[in-house]
Amino acid sequence: MLSNHFENGMDMARLAWSRLPHSEDGELDGVGLLSTSSNRNGVESLDYEVIENYAYREEQAQRGKFFVGYNVAVKWFFALLIGIGTGLAAVFINISVENFAGWKFALTFNIIQKSYLAGFLMYILINLALVFSSVYIITHFAPAAAGSGIPEIKGYLNGIDIPGILLFRTLIGKIFGSIGSVGGGLALGKEGPLVHTGACIASLLGQGGSTKYHLSSRWLQGFKSDRDRRDLVTCGCAAGVAAAFRAPVGGVLFALEEVTSWWRSQLMWRVFFTSAVVAVVVRVAMGWCKSGNCGHFGAGGFIIWDISDGQEDYSFEELLPMAVIGIIGGLLGALFNQLTIYVTRWRRNYLHKKGNRVKIYEACLISVLTSVISFGLPLLRNCSPCPDSDPGSEIECPRAPGADGNYVNFYCGKDKEYNDLATIFFNTQDDAIRNLFSAKTIHEFSAKSLLTFLVMFYTLAVVTFGTAVPAGQFVPGIMIGSTYGRLVGIFTVNHYKKLNIDEGTYALLGAASFLGGSMRMTVSLCVIMVEITNNLKLLPLIMLVLLISKAVGDVFNEGLYDEQARLRGIPLLESRPKYVMRKMTAREACGNQKVLSLPRVVKVADAVSILRSNKHNGFPVVDHTRDGEPLVIGLMLRSHLLVLLQSKIDFQHSPLPSHSRSGSGAIRHNFSEFAKPVSSKGISIDDIYLSSEDLEMYIDLAPFLNPSPYVVPEDMSLTKVYNLFRQLGLRHIFVVPRASRVIGVITRKDLLIEEESEDSATMELQSTSRSAT
């Protein structure tokens, strides 16, 4: 029965490809091959297309409805595991960072009661030790864990395979590196690395763990194709955002808007479920920590700044300063992107070429500089008297040394004074943002202190971005935006003289505007900001500043992650094709280069020679009709051909097709054997040993090729080809001459087949096809 299906499939392939010509020297004339493969920096494309070869069809024929239900259940179970794993990783990172920061500030505050110089040195040494541990882990153990990881994950979901980004050691480096870099007080956050962490957890679960470190389980090895791994990594990205911001809906929208290139409703349900699981895990962990089981972990850690008691309403006159905040966010965000491009390019071309030792020196130098600025600048600022306390307010002025909150008493001569610059500088970033967002604290910060902090922290964020440590830009962006937002709020309060205007509201809008101007996200960022502030009333204002900041930023450059992906050599296919593609055809995109093809029955020596002579990842396969006319019968992947050469079990002595001699198309491979390992290395032609006798053998490629690759006519516009490539996640596409005849036309009604039985469905499809012709 299966052999009959194979024969029918081959006949259909011959009919479909009957008009494709073939030249004698193994090169196809009139047939082009478009590909997304790229060998820059070891980057190649992923095979998201399902290769419906005979091995795949045989495996599918042996599976019943029970397996389909089991497969769906396993996918949901994996979504549960991804949510639990990412939530626990986020809890561990946050508890570790908060405890290191708590110990650091508590010890420093205790020492400065006796000597500010001793406290200053201790503060520098603790930060330096934490940053050194982070950069050492990255440079010597997990180089792929440096940076935020979002550009790399975005490239992976776009169809680009980047070696090392989803390995077990990358996950470990990301977790412990984030603890050191964030706990060390650098101008960066842990939110981007958490997205990368969630993606690594999802990928490792999908492949059953890590075989290198003997942490694998065959029971979990259920998803080996790039298509299934893509879905799992998408769940991991959403889980990372949900864990970082306690924003499950924002995590779903972030995965949809920012990182994925392909989406479907079934995947959205699993992503939503994963984010919900993360929210539950984080909530349970925070409830457990509130009882004092987590050391210094308290109000900080997981980002949530409740400003529900802030400004209740806003007037029409306030829309102008709020629009100004959007414009400032677009300008400063675009400037930040451009400066980071210059700094990253300089690092790559000059500094980081000198080796890991220079990377360690650089990170340690930036750590010392950050510590000096955050400790030294508040010493130069005069303290301010505490405001009159509100009987109903829980805000204490000044706060107790080492405790989190507003009104820090730092280098003040009197007890009832506070240092406004130390309140935001000499603090963890989460607590500093909470202070900037705080409601009913009018005149807590002076314009001079906010401007000083804005200039210095903006500079530190630009310089720190790109160092060899895990680094996210969400929290630094919120810090920068909330600072100038609060500045605009101060001027607004002084100008309108209204008591209902709250500076913390403007700080929130400033944070949203800078993130919109830098990262160019709108919907997901809007929902995240609402979720982390617990204030739905500000939704229209957040939408306003996001639209303005994104529009202003788009005038100058692209978003931060797109720019960084380009610097890293990640060839992303953007959501829209370039305008010049409208004037180009598919034939022009192929160029004049001949397409290298393989015969259906290829000699092993010839196959080895072809694989050694080029780095192509796909080859058209050519057969001949009974009349001797050449025709293309499908596409053979390089990775699949290497598997056949390594196994040797399909070698044959005869140059004739195997099924025509034996009458059977049975093969001795499972479809899973052709899956590429997640390590991205796979099999190389240099790893395969072939004797002289092996080289004289032949292989029939027909059972292993893709008999139905995507095909476009040579005069199709490149815009349509681009959209087809990106939306379907393709790796190769054939460009062919115009066909001479049409064998049928499929319309919408031909695809609306009721699942009564396979036979009735086949009859209905055949009847509608005849009527269409």
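The values are calculated or read from the model by the stated rules, or taken from the named source; none is laboratory data. Keep in mind it's a predicted model, so treat the numbers as computed, not measured. Virtual Cβ from ideal backbone geometry, glycine too; neighbours counted across all protein chains shown. The protein model used for the area step is the full one, side chains on, heavy atoms only, and it has no ligands, DNA or RNA in it. Shrake-Rupley method; radii C 1.70, N 1.55, O 1.52, S 1.80 Å.
Can you compute 3J(HN,Hα) from phi for each residue in segment 521-531, using the Karplus curve 6.51 cos²θ - 1.76 cosθ + 1.60 with θ = phi - 60°, rounded to whole Hz and x for Gly and Pro?
9, 10, 5, 5, 5, 4, 5, 4, 5, 5, 5
Treating segment 425-530 as a set of equal point scatterers at the Cα positions, no solvent, please give the Debye-formula log₁₀ I(q)/I(0) at q = 0.10, 0.13, 0.23 Å⁻¹.
The computed values of log10 I(q)/I(0) come out as -0.28, -0.47, -1.29.
State the volume of the convex hull built on the alpha-carbon positions of segment 68-290, expressed per residue in Å³ and rounded to an integer.
On the way: hull volume 27.8 nm³, N = 223.
In segment 68-290, the Cα convex hull volume per residue is 125 Å³.
Using a cut-off of 15 Å between beta-carbons, work out the net charge of the residues near K720 (Lys and Arg +1, Asp and Glu -1, K720 not included).
With Lys, Arg at +1 and Asp, Glu at -1, the neighbours total +3.
What does the charge count near Y506 come to, summing +1 for each Lys or Arg and -1 for each Asp or Glu among other residues with Cβ under 12 Å from its Cβ? If you can, show how the numbers build up before the last one.
Details: positive: R486; negative: E318, D502, E503.
Computed value for this residue: -2.
Roughly how far apart, in whole Å, are the Cα centres of segment 620-651 and segment 455-495?
Cα centroid to Cα centroid, the span is 58 Å.
Tally Lys and Arg at +1 and Asp and Glu at -1 over the other residues with C-beta under 10 Å from the C-beta of K75: what net charge comes out?
-1
Taking only protein heavy atoms into account and a 1.4 Å probe, give the accessible area per residue of segment 68-290 in Å². Each step should come with its number before you reach the end.
Working: 7870 Å² over 223 residues.
It amounts to 35 Å² per residue over segment 68-290.
PRE reach from V50 (point 7 Å along Cα→Cβ): which of segment 157-185 fall under 17 Å by backbone N?
No residues fall inside that zone.
Which number do you get for Rg(Cα) / (2.2 N^0.38 Å) in segment 685-751?
On the way: Rg = 18.8 Å, N = 67, 2.2 N^0.38 = 10.9 Å.
Computed over Cα atoms of segment 685-751, the ratio equals 1.73.
So if I place +1 on the C-beta of Lys and Arg and -1 on the C-beta of Asp and Glu, and nothing else carries charge, what would the dipole magnitude of segment 316-568 be about its Cα centre? I want it in debye, nearest 20.
1180
How much length is gained if the chain between L380 and L117 is pulled fully straight, taking 0.36 nm per residue apart and subtracting their Cα-Cα distance, in nm to one decimal?
Details: separation 263, 0.36 × 263 = 94.68 nm, distance 1.42 nm.
Here the segment from L380 to L117 would lengthen by 93.3 nm.
Please compute the Kirkwood hydrodynamic radius of segment 316-568 from all pairs of different C-alpha atoms, in Å with one decimal.
Numbers: mean 1/r = 0.0527 Å⁻¹.
Computed over segment 316-568, the radius equals 19.0 Å.
Fully extended, how many nm does the chain gain between E696 and S315 (0.36 nm per residue separation, minus their Cα-Cα distance)? Could the numbers behind the result be given before it?
On the way: separation 381, 0.36 × 381 = 137.16 nm, distance 8.45 nm.
Length gained between E696 and S315: 128.7 nm.
Using label points projected 7 Å from each Cα along Cα→Cβ, tell me how many nm separate L656 and L547, to one decimal.
7.3
Roll a 1.4 angstrom probe over the protein heavy atoms and tell me the percent of accessible area of segment 68-290 that is carbon or sulfur.
Details: 5480 of 7870 Å².
Answer for segment 68-290: carbon and sulfur cover 70 percent of the accessible area.
Let me cross-check L637: its accessible surface, 1.4 Å probe, with only protein heavy atoms counted, in Å² to the nearest 10?
10
Under Stokes-Einstein, with the Kirkwood radius over Cα pairs standing in for Rh, what whole-number D in µm²/s applies to segment 507-558 at 4 °C and 1.567 mPa s?
Numbers: Rh = 10.6 Å.
Estimated via Stokes-Einstein, D reaches 122 µm²/s.
What percentage of the solvent-accessible surface of segment 496-607, computed with a 1.4 Å probe over protein heavy atoms, is contributed by carbon and sulfur atoms? Write out the running numbers ahead of the final one.
Numbers: 2820 of 4820 Å².
For segment 496-607, the apolar C and S fraction of the accessible surface comes to 59 percent.
List the pairs from K104/K190; K416/K537; K174/K648; K174/K720; K359/K550; K190/K578 whose alpha-carbon separation is above 30 Å, in the order I gave them.
Values: K104/K190 18 Å; K416/K537 35 Å; K174/K648 41 Å; K174/K720 39 Å; K359/K550 34 Å; K190/K578 34 Å.
Beyond 30 Å between Cα atoms: K416/K537; K174/K648; K174/K720; K359/K550; K190/K578.
Accessible area per residue, 1.4 Å probe, Å², for segment 468-584: what's the number?
Numbers: 4180 Å² over 117 residues.
Per residue, segment 468-584 has an accessible area of 36 Å².
Using modelled backbone amide H atoms (1.01 Å from N, in-plane), which distant-in-sequence or interchain residues come within less than 5 Å of T585's amide H?
L718
In units of 2.2 N^0.38 Å, what is the alpha-carbon radius of gyration of segment 581-625?
1.50
What list of ³J(HN,Hα) values in whole Hz, one per residue of segment 82-93 in order, does the Karplus curve 6.51 cos²θ - 1.76 cosθ + 1.60 (θ = phi - 60°) give from phi, with Gly and Pro shown as x?
Taking θ as phi minus 60°, the curve returns 4, x, 5, x, 5, x, 5, 4, 5, 4, 4, 5 Hz for segment 82-93.
Extension gain A739-R63, at 0.36 nm per residue separation less the Cα-Cα distance, in nm? Don't jump to the answer; show the numbers that get you there.
Numbers: separation 676, 0.36 × 676 = 243.36 nm, distance 3.64 nm.
Contour length minus Cα-Cα distance gives 239.7 nm.
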